Structures are given as C-alpha cells and as structure tokens.
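Novice: I have a structure I would like to understand better, so I am pasting it below and will then ask my questions one at a time.
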Amino acid sequence: MAGINIREISADTLVEILEHGQFSHIYLKAVLDKYGYLEKSERAFINRLVNGTVEREIELDYIINSYSKTKVKKMKPLIRTIMRMGAFEIYYMDAVPDSATCNEYVKLAKKRGFAGLSGFVNGVLRNIARDKGNLNITDLSVKYSMPQWIVDKWNTDYGIDKTKEILKGFFEPEELCIRVNLSKITREELINKLEAQDISVRICDSIPSALYIAGFNVISSIPEFNEGLFYIQDYSSQLVPYKAGIKETDAVLDLCAAPGGKALHAAELAAKGTVLARDLTEAKVALINENIQRTGATNVTAQKFDATVFDESSENKYDVVIADLPCSGLGIIRKKPDIKYNQTEESLAELVMLQAKILENAARYVKAGGTLCYSTCTINKDENENQVENFLSSHKEFTIKNCEQLLPDKNHDGFFICVMKKN
C-alpha cells in the first residue's frame, strides 16, 4: 500500500467523470472495487470526496471564482479538479484541518507536474479557507448545484416552496435498501443473521420484503448476499411489483428489466406463474441472468428485445406488464449526481416520445382485465403525470387504479408509479 494517495485516486476519478464523461455511479464503483483492499475509512473518504465534488460542482465553481482571478473554465483540467476537491473538503469535510487540506493539494499539484501553479493552488485555497462561510449564496441553482433550467422547470411544475424541498432532499443521506428473498428466508431470520455481524438493520413498515442496512464494509463481504438471501433493491423498485398487485399465478412481462430487481421480485410474488424479463442489449440480459442465477429464481426468463418494436406473439398475453421506462433520472440525482449536468430540455423531449412509443406497445400486451404498471425514476411531470394523461386520452380501455409521485427523502429517491387497469 506504499505510495497510495487517496486524494490522487479521487482526482483521477473526477477527471474521468467531469472531464471525460464517465458515468459517476459506474466509474466510481469500479475504482472502489479496484481499491477494495484499502481501509473502510479510506474508501469512504474517496466515495465522499468524489460524489460530493460532483454533486456540488456548480456551487464549488462559484466559490472558487469568488477568490480566483483565473476562472474555473479557464483552468487546466487537473488543476480545475484539484481546486474543486480542495473547496469541497474545506466546506464539507472535516477529516483534517483546512491548512493541512491546502498543503495536500499543493503537494498533489507538484507531484502531477504543476509545480509552477502550486502557489496559485495554495493562495486560492487558503483564501477560501480563511473566508469560509462568509459567502451569502441565495441563488437556488448555485446553492443546490442544480442547472438553472431544471430549477425553473420545477418552479413551474411544483412552485418555489416544493422546489426547495426537492433540492434539499437530494442532499439528505440515504440508507441502503435491500429486498429479502422471502422464497429462501424470512425477514426476521435475515435480520438476526445481519445483526449478528454488527450490521445495523431498520425495518421498512410499508413493504414486507424491504430492510435498510448500514455498518458494513463492502456488500460482497456479507455471506447472505452471496447466498442470494437478499438483493440490493431500492424502495421504489420494490414498490412497483406490490402496487401492480401481482398474484400467485400471473404471467408477467417486464419490458425494461435490467438489472432484474423488479422481475425477480415479481417472480417471487407470482410463485406459480411466469415472468419474462426483457431488455435491449446482450450485456443487460447477461446482468439479469446473473441475478437470476444468484437468487435461484426458477420462473424467470431473460430475453433480449427492443421495447420500441411491437411483438405480435405477446399481444393480449400478460396479466401484468411492468413498464419501468427509460427516463431523465431526475429523481435519482443522489445516486447519479452527474445526471443533472448531462440532461437537456431537448433530451427530455426525446425521452417523452420514446416512453410514449413503448407505452403504445405495452398497452397491447395486457390481457383484458390485466394491469399495466408504468413507472419512472424522475420527478419531471412531462414524463409522469402528463405522459399518463396523454396515454389515457387515446386508450379509453385503461383506467387508473392508483398513481403516486414521491419526492426524494432519506427513505427513497424521487420516483413515479401509475397502475392502470385494462377493461
């Protein structure tokens, strides 16, 4: 472990995410897996520093620009990254004193060939540290590091007070939600096994298969995970099969199933039925199959299929069709903080059209008397309530059983679910 510098690892990770467009949740996981031998506290430091720097990028740039004559956009990529990291540590982390933080980033700049800029790094970061807390940031876009067009959209959809709640919600720490594999173990038995390993467990009152856990190092180190006794699955993902009202003998189709959480949950509820889990690519199907194998489900089949293409063989065939469709992801910014920088108003409009096209096909797969469950991980009304309204205007054979828009809090991300019955 000699020579391992966790700030340098973090800097290289952030350059890949913020400068080269790597997806934060995928790339950071790969980095943490690579350095799995580090102490838990070191891995937690990397995770916090990288995620925090990404999620607060707009605010950090504002802070840096308030003290630097050279603006962030004009800086060299690595220096820009170092400055953002330093500002984040000074404002939001207390692992070491601010003076030591400044020294660490000066040393990092020198180590990476920027000795000539070490004085600049030192001067700006020390000014930020010296004046910490004196900037009065009131602009919501800056304060919560949310692109202005998204803030404006939410103000229109929800009003200013609700928008503030949403923005604050993304910075609430979220507990890890798991789904108990009730076909293999009871919730109480799993709780006892986890608590015996000093893992803290909190029961979710609204879903009988859900638990919140904390206090472990890496999930793969928990024997019960490797044995398929539980599955990492968000509250919202677990809620879908329950809200869909899946019965024991139902035939279920999950149109966009990867990584397979909802399909596997559906298979558990439809214990004497069948589940067909489809997705667009071989890689996604392989991921579904991997999870089928790990959990031991025997009534799920994974299949590569493009949901935008109508499948005549599936017409009027399924009791329940789950359409958890591609969306802007603006409800899961806490998990994927870079997603807010990568979406545009144009990309949202394209997604709305894609969803409508898939819903047209999904409607034809539902049996008379069956259920269509539409869900997204966004809080954008055009993709949610407005999408459903447009769908129902041309599909009089469907009626709403229940619709729900949840906003982000400590228990779950923001998501939308609408269950519709086919008459």
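Novice: Tally the residues that are open to solvent by less than 60 Å² (accessible area, probe 1.4 Å) and either of a type in the set (Gly, Ala, Ser) or in a helix (DSSP H, G or I) (or both), restricting the search to the stretch 82-98.
Specialist: Our first condition is that a residue be open to solvent by less than 60 Å² (accessible area, probe 1.4 Å); within the stretch 82-98, this holds for 82-91, 93, 96, 98.
Filter once more, so that each one left must be either of a type in the set (Gly, Ala, Ser) or in a helix (DSSP H, G or I) (or both): 82-91, 98.
Counting residues in the stretch 82-98 that are open to solvent by less than 60 Å² (accessible area, probe 1.4 Å) and either of a type in the set (Gly, Ala, Ser) or in a helix (DSSP H, G or I) (or both) gives 11.
Novice: List pairs: first in the stretch 260-286 and among the β-branched types (Val, Ile, Thr), second assigned to a helix (DSSP H, G or I), Cβ under 9 Å, 6+ apart or cross-chain?
Specialist: Hits for this filter: Thr274/Ala267; Val275/Ala263; Val275/Leu264; Val275/Ala266; Val275/Ala267.
Novice: Given the structure, is Ile64 in contact with a Gly (Cβ under 9 Å, 6 or more places away or on another chain), closer than 27 Å to Gly119 by Cβ, in contact (Cβ under 8 Å) with a residue 12 or more places away in the chain and part of a helix (DSSP H, G or I)?
Specialist: On the way: in contact with a Gly (Cβ under 9 Å, 6 or more places away or on another chain): yes; closer than 27 Å to Gly119 by Cβ: yes; in contact (Cβ under 8 Å) with a residue 12 or more places away in the chain: yes; part of a helix (DSSP H, G or I): yes.
The answer is yes for Ile64.
Novice: Let me confirm something: among Glu19, Glu57, Glu42, which residue is loosely packed, with under 14 Cβ neighbours inside 10 Å and among the acidic types (Asp, Glu)?
Specialist: Result: Glu19 is the single residue among Glu19, Glu57, Glu42 that is loosely packed, with under 14 Cβ neighbours inside 10 Å and among the acidic types (Asp, Glu).
Novice: Has the stretch 26-35 got any residue that is on the phi < 0 side of the Ramachandran plot and either in a loop (DSSP other than H, G, I, E, B) or touching a Lys or Arg at 6+ places or on another chain (Cβ under 7 Å) (or both)?
Specialist: yes
Novice: Just to be sure before I move on: is Leu354 in contact with a Ser or Thr (Cβ under 9 Å, 6 or more places away or on another chain) and open to solvent by 40 Å² or more (accessible area, probe 1.4 Å) in the structure I sent?
Specialist: For Leu354, the condition - in contact with a Ser or Thr (Cβ under 9 Å, 6 or more places away or on another chain) and open to solvent by 40 Å² or more (accessible area, probe 1.4 Å) - is met.
Novice: Additional query: Give the residue, chosen from Pro337, Pro326, that is open to solvent by 30 Å² or more (accessible area, probe 1.4 Å) and part of a loop (DSSP other than H, G, I, E, B).
Specialist: So the residue among Pro337, Pro326 that is open to solvent by 30 Å² or more (accessible area, probe 1.4 Å) and part of a loop (DSSP other than H, G, I, E, B) is Pro326.
Novice: Then there is this: I need the full set of residues from the stretch 265-286 which are open to solvent by 70 Å² or more (accessible area, probe 1.4 Å) and either touching a Pro at 6+ places or on another chain (Cβ under 9 Å) or in a loop (DSSP other than H, G, I, E, B) (or both), in order please. Steps first, answer last, please.
Specialist: As a first pass, look at the stretch 265-286 and keep what is open to solvent by 70 Å² or more (accessible area, probe 1.4 Å): 272, 274, 280, 282-284.
The answer is Lys272, Leu280, Lys284.
Novice: Now for a different question. Looking only at the stretch 293-335, how many residues end up being among the acidic types (Asp, Glu) and either in contact with a helix residue (DSSP H, G or I) (Cβ under 8 Å, 6 or more places away or on another chain) or within 19 Å of Pro259 (Cβ to Cβ) (or both)?
Specialist: As a first pass, look at the stretch 293-335 and keep what is among the acidic types (Asp, Glu): 306, 311-312, 315, 319, 324.
Restricting the remaining residues to those that are either in contact with a helix residue (DSSP H, G or I) (Cβ under 8 Å, 6 or more places away or on another chain) or within 19 Å of Pro259 (Cβ to Cβ) (or both) gives 306, 311, 315, 324.
The number of residues fulfilling the criteria is 4.
Novice: Picking from Asn402, Asn386, Asn411, which residue would you name as being touching a residue at least 60 places away in the same chain (Cβ under 8 Å) and exposed (fewer than 15 other Cβ atoms within 10 Å of the Cβ)?
Specialist: Asn402
Novice: Among the residues of the stretch 376-406 satisfying the criterion of being assigned to a helix (DSSP H, G or I) and under 24 Å from the mean Cα position of the chain (by Cα), which is nearest to Tyr318 (Cα to Cα)? Step through it out loud before you land on a result.
Specialist: Quick first cut of the stretch 376-406, residues assigned to a helix (DSSP H, G or I) only: 385-394.
From what is left, the residues that are under 24 Å from the mean Cα position of the chain (by Cα) are 385-388.
On the way: Glu385: 24, Asn386: 25, Gln387: 22, Val388: 20 Å.
Among them, the one singled out is Val388.
Novice: Among the residues of the stretch 147-167, what is the count of those that are surrounded by 17 or more Cβ atoms within 10 Å (Cβ to Cβ) and out of contact with any Lys or Arg (no Cβ under 6 Å at 6 or more places or on another chain)?
Specialist: 9
Novice: Since Cys373 meets every condition but one in (1) in a helix (DSSP H, G or I); (2) under 21 Å from Tyr318 (Cα atoms); (3) under 24 Å from the mean Cα position of the chain (by Cα); (4) touching a residue at least 40 places away in the same chain (Cβ under 8 Å), which condition does it not meet?
Specialist: (1)
Novice: Please go through (1) in a helix (DSSP H, G or I); (2) closer than 30 Å to Leu28 by Cα for Ala302 and return the number of the only condition it doesn't satisfy.
Specialist: The single condition Ala302 does not satisfy is (1).
The values are calculated or read from the model by the stated rules, or taken from the named source; none is laboratory data. Values in this document were obtained by computation on a predicted structure and should not be read as measured data. Heads up, the Cβs are rebuilt from the backbone with ideal geometry, glycines too, and the neighbour counts pull from every protein chain shown. Accessible surface is based on the protein model in full, side chains and every heavy atom, while ligands, DNA and RNA are left aside. Shrake-Rupley method; radii C 1.70, N 1.55, O 1.52, S 1.80 Å.
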